[in-house]
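For reference, the structure is listed below as structure tokens.
The values are calculated or read from the model by the stated rules, or taken from the named source; none is laboratory data. The structure presented is a predicted model; accordingly, all values stated were derived computationally and were not measured. Every residue, glycine among them, receives a Cβ derived from its backbone with ideal geometry; neighbour counts consider all protein chains shown. Heavy atoms of the whole protein, side chains included, go into the accessibility calculation; ligands, DNA and RNA do not. Shrake-Rupley method; radii C 1.70, N 1.55, O 1.52, S 1.80 Å.
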Amino acid sequence: MLELQLLLLFMISAAIIAVEAKDMISSVIALGTVGIGLCLGFLLLKAPDLAITQLVAEILCLIILIRATLKQDLPLVRDGRWFFNTFSTLCFIVIFLIFVFLALKEISVFGNPEMKIAKEILTGSLDKTGATNFITSVILDFRAYDTLGEATILFAAVIGVAAVMRKIGRNKPRA
Amino acid sequence: MVDSNKKEEIGMSFMVKTVTRLTAVVILLFGIYIVLHGHISPGGGFAGGLIIALSFVQVMIAFGKDIALRKLSEAKAAVLESVGGLLFLTIAALGFLGGHFLINFFASKGRPFTLFSAGTIPFYNIAIAIKVAVGLFSIFIVLVILKRAKKEE
């Protein structure tokens, strides 16, 4: 697990940079690298579904944060480096397509899903948990961490609604 | 007579109030049933908690804010919300008795298809139900109070 420790060190240093950086946009980019590092960590720990979710959420967060931090739109460079820009874009498109081709070849054939975990749960869940509702046994036993996170999200949602809607915050600016 | 008429004006019409009186308790009981049988039949803490919250919401819609808040006040709701979360965490931490965090630590899981089975899962369900029910109801309370505050301005 040396890679994971190196990745964690990288993420910690990026987080410190994100906190300490004077420039807003560089701290946002450092925050993005923390998220991408977390995504790679999920991949190393063999949780690809979480990695995909993390990647999507991270890109969305990055876009929103960049839009929020930028005061105005950056000027679009049209003249000068036209050849370099087009060439690098084409290069990235080709590299992306090669990786997509390799990744799509690895996916199992349509109609033959590798249901190893599901089969394990369907056969051994009753003996392991004693619950006859397998969905409950998944969300409260095998994947109880996720449920803890969901409960936390609900708590945060209630606090958020109360914070947005509270009377004091509404009345103060008018008084 | 005039006084009772004044009281009737709070909330919705007489018919809605009567139906609510008949059904609110049944809905609450159904929610509790869904929670307690979450490990045997479809349902569980989230669904049951939602139903329990909706029974309180129904009382609030039919009878107005004050009567519903007399059943479950904001302060009580805040306390219960925290109690639900802490109960979940406490059961999760009790898993250290059996090895690690969040483990189903009961030695005998009980007979399947009975109410007392599945180890810690019913307790998790109860904790989540308290949390979901009170959380959704407090969101509703907050929205109603904001509406009243806007009207008073």
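So the values come out like this:
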item: A:Ser26 vs. criteria within 20 Å of A:Ile63 (Cβ to Cβ), more than 16 Å from the chain's Cα centre (by Cα) and of a type outside the set (A, V, I, L, M, F, W, C); result: yes
item: Subset of the stretch B:1-48 (residues that are hydroxyl-bearing (Ser, Thr, Tyr) and at pLDDT below 85); result: B:Ser4, B:Ser13, B:Ser41
item: Condition met for A:Ile52 (closer than 25 Å to A:Asp146 by Cβ and open to solvent by 60 Å² or more (accessible area, probe 1.4 Å)); result: yes
item: Only one of B:Ile61, B:Ile91 that is out of contact with any Ser or Thr (no Cβ under 6 Å at 6 or more places or on another chain) and buried (at least 16 other Cβ atoms within 10 Å of the Cβ); result: B:Ile61
item: Positions within the stretch B:68-79 being crowded, with 18+ Cβ neighbours inside 10 Å and either in contact with a strand residue (DSSP E or B) (Cβ under 8 Å, 6 or more places away or on another chain) or within 12 Å of chain A (Cβ to nearest Cβ) (or both), in sequence order; result: B:Ala77
item: Among the residues listed as A:Ala68, A:Ala118, the single one being within 24 Å of A:Leu43 (Cβ to Cβ), in a helix (DSSP H, G or I) and more than 14 Å from every other protein chain (Cβ to nearest Cβ); result: A:Ala118
item: Sole exception among (1) within 10 Å of another protein chain (Cβ to nearest Cβ); (2) open to solvent by 40 Å² or more (accessible area, probe 1.4 Å) for B:Phe56, by number; result: (1)
item: Some residue of the stretch B:119-133 being touching a residue at least 60 places away in the same chain (Cβ under 8 Å), closer than 24 Å to A:Ala156 by Cα and not in a helix (DSSP H, G or I); result: no
item: Of all residues making up the stretch A:6-41, the number that are modelled with pLDDT of 90 or more and either touching a Pro at 6+ places or on another chain (Cβ under 8 Å) or among the polar types (S, T, N, Q) (or both); result: 2
item: Selection within the stretch A:37-49 - surrounded by fewer than 17 Cβ atoms within 10 Å (Cβ to Cβ) and either of a type in the set (Asp, Glu) or assigned to a helix (DSSP H, G or I) (or both); result: A:Leu43, A:Leu44, A:Pro48, A:Asp49
item: All positions within the stretch A:106-143 that are under 27 Å from the mean Cα position of the chain (by Cα) and surrounded by 11 or more Cβ atoms within 10 Å (Cβ to Cβ); result: A:Ala118, A:Ile121, A:Ile135, A:Thr136, A:Ser137, A:Val138, A:Ile139, A:Leu140, A:Asp141, A:Phe142, A:Arg143
item: Some residue of the stretch A:80-94 being within 26 Å of the chain's Cα centre (by Cα), surrounded by 10 or more Cβ atoms within 10 Å (Cβ to Cβ), among the small types (Gly, Ala, Ser) and more than 14 Å from every other protein chain (Cβ to nearest Cβ); result: no
item: Neighbours by Cβ (under 7 Å, 6+ apart or cross-chain): first from the stretch B:95-106, under 13 Å from A:Leu148 (Cβ atoms); second of a type in the set (Ser, Thr, Tyr); result: B:Leu102/A:Tyr145
item: Yes/no for B:Ile139 being buried (at least 17 other Cβ atoms within 10 Å of the Cβ), in contact with a helix residue (DSSP H, G or I) (Cβ under 8 Å, 6 or more places away or on another chain) and in a helix (DSSP H, G or I); result: yes
item: Condition check for A:Leu60: open to solvent by 80 Å² or more (accessible area, probe 1.4 Å), closer than 30 Å to A:Ile107 by Cα and either within 15 Å of the chain's Cα centre (by Cα) or assigned by TED's automatic domain parsing to the domain that holds A:Asp146 (or both); result: yes
item: Unique match (being under 14 Å from B:Ile130 (Cα atoms) and touching a residue at least 24 places away in the same chain (Cβ under 8 Å)) among B:Gly84, B:Gly11, B:Gly64; result: B:Gly84
